[in-house]
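Everything on this sheet refers to the single structure shown next.
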Amino acid sequence: MQSFDLGEEGLRALNSALHALKGQTNMTDWEVINPKGAHAIAAGVDAPVEIIVRGSTGYYCAGMNKQATIRIKGSAGPGVAENMMSGTVIIDGNASQYAGATGRGGLLVIKGNASSRCGVSMKGIDIVVHGSIGHMSAFMAQSGNLVVLGDAGDALGDSLYEARLFVRGSVTSLGADCVEKEMRPEHIALLADLLKRGEADGLAKPEEFKRYGSARKLYNFNIDNASDY
């Protein structure tokens, strides 16, 4: 395992070393110690490696991730896994605002709670939150899946496109054009897979969730829906 002391060697040196691994590499196991809330840790990684960050991180940790599995042994600041393309990001603690924003692929697992705008404008990413999420989560979410074992705050799925939202607990309110939908067998199967991949299959059953999605009333302007725009 490659062990990197961020306090001594610095963020630029860490990310330069990780960026140099682009493509295939035999240096597959990395450990980052003393992160001390630094920003942009392991951002832009594009290699099939495993990175363990032993502590909490600042803004944009694991942003633009491709291929890598990044585990944060703490909590994460705003924008964790922002614009992620592929791979897996797992957070043992809580996540701040806009976790997984604009994510296009891969899996983000948050074992604590997520703050506001979790999954904002998601475009294919899968997000599994073991706790609860804040207001305006999945705002303008286009595709992908958001799974919440706890509760959801105000305006869930506001201006939603075709992303699927699964919430086990209560929802404070639904955003414009977001409605509850039927849980069909294919959604049960999908959710079972997401719970397993998100290390939550022993915590909840798919049948305990409700599904939310777009009512598709805002795709084209209609004067009758003007107040919702």
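Values computed for the structure shown
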{"quantity": "Odd one out for residue 187 among (1) modelled with pLDDT of 95 or more; (2) of a type outside the set (A, V, I, L, M); (3) on the phi > 0 side of the Ramachandran plot", "calculated": "(3)"}
{"quantity": "Flag if residue 54 is among the basic types (Lys, Arg) and either under 20 Å from residue 98 (Cα atoms) or free of Cβ contacts under 8 Å to residues at least 12 places away in the same chain (or both)", "calculated": "no"}
{"quantity": "Residues located in region 177-203, provided they are in a loop (DSSP other than H, G, I, E, B) and touching a strand residue (DSSP E or B) at 6+ places or on another chain (Cβ under 9 Å)", "calculated": "177, 182, 183, 184, 198, 199, 200"}
{"quantity": "Test: residue in region 17-33 that is of a type in the set (Ser, Thr, Tyr), at negative phi and not in a loop (DSSP other than H, G, I, E, B)", "calculated": "no"}
{"quantity": "Unique residue being in contact with an Asp or Glu (Cβ under 7 Å, 6 or more places away or on another chain) and β-branched (Val, Ile, Thr) when the list is 109, 129, 120", "calculated": "109"}
{"quantity": "Some residue of region 108-124 being closer than 19 Å to residue 199 by Cα and either in contact with a Lys or Arg (Cβ under 6 Å, 6 or more places away or on another chain) or not assigned by TED's automatic domain parsing to the domain that holds residue 184 (or both)", "calculated": "no"}
{"quantity": "Any hit, region 177-191, residues being under 14 Å from residue 128 (Cα atoms), assigned by TED's automatic domain parsing to the domain that holds residue 136 and touching a residue at least 60 places away in the same chain (Cβ under 8 Å)", "calculated": "no"}
{"quantity": "Scope region 146-165; condition buried (at least 24 other Cβ atoms within 10 Å of the Cβ) and either part of a loop (DSSP other than H, G, I, E, B) or of a type outside the set (Gly, Ala, Ser) (or both); matching residues", "calculated": "146, 147, 148, 156, 157, 160, 163, 165"}
{"quantity": "Residue in region 67-78 that is closer than 29 Å to residue 195 by Cβ, within 16 Å of the chain's Cα centre (by Cα), crowded, with 21+ Cβ neighbours inside 10 Å and not small (Gly, Ala, Ser) present", "calculated": "yes"}
{"quantity": "Residues (assigned to a strand (DSSP E or B) and closer than 15 Å to residue 81 by Cα) located in region 115-144", "calculated": "123, 124, 125, 126, 127, 128, 129, 144"}
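The values are calculated or read from the model by the stated rules, or taken from the named source; none is laboratory data. Remember, it's a predicted structure, so these values are computed and weren't measured experimentally. So basically every Cβ, Gly included, is an ideal-geometry build from the backbone, and we count neighbours across all protein chains shown.
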